[in-house]
Amino acid sequence: MTGSKTKMLICTTDGVAGREIHQVIGLVRGSTVRSKHVGTDIVAGLKSIVGGEMTGYSSLMAGAREQALDRMVADAQAMGANAVVGFRMETSSIMAGASEIVAYGTAVKLS
């Protein structure tokens, strides 16, 4: 996997097949907190009656994941890394109607 707007190699494994980790740089992360929009809540409320995907929320979370990933990649680039291994992404509720998305991993230099 490569970063959304860069050539940064990002993988969930602790290494990269066929490549050697030359240097472990350290933890990198990116996060964002997003809240629901009242209009999205109204549409979602109606959608919950008839069932189906709540596309407003899906779109909101997809954008939040991309932003968190972009911020993690920027952190890794600033540290001089050319890859991130052990990549993970988590979501947590901050308050009613707001969630935080965190992308994190270990910045490395591959040879």
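The values are calculated or read from the model by the stated rules, or taken from the named source; none is laboratory data. Everything numeric here is computed off the predicted structure, so don't read it as measured data. Neighbour counts are summed over all protein chains in view; Cβ atoms, including those assigned to glycine, are modelled from backbone coordinates with ideal geometry.
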By residue number, the members of the stretch 55-78 that are modelled with pLDDT of 90 or more, over 9 Å from the mean Cα position of the chain (by Cα) and surrounded by 15 or more Cβ atoms within 10 Å (Cβ to Cβ) are Val73, Ala74, Asp75, Ala76, Gln77
Taking first residues from the stretch 57-77 that are more than 17 Å from Gly26 (Cα to Cα) and second residues anywhere that are in a helix (DSSP H, G or I) and modelled with pLDDT under 95, the pairs with Cβ under 9 Å that are 6 or more apart or on different chains are Tyr57/Thr40; Tyr57/Ala44; Ser59/Thr40; Leu60/Thr40
Please indicate, with yes or no, whether at least one residue in the stretch 30-40 is at pLDDT 95 or above and either basic (Lys, Arg) or more than 14 Å from the chain's Cα centre (by Cα) (or both). no
Filter the stretch 84-111 for residues that are part of a loop (DSSP other than H, G, I, E, B) and touching a strand residue (DSSP E or B) at 6+ places or on another chain (Cβ under 6 Å); the one that is nearest to Glu66 (Cα to Cα) is Gly97
Only one of Gly97, Gly105 is among the small types (Gly, Ala, Ser) and under 11 Å from Val28 (Cα atoms), namely Gly105
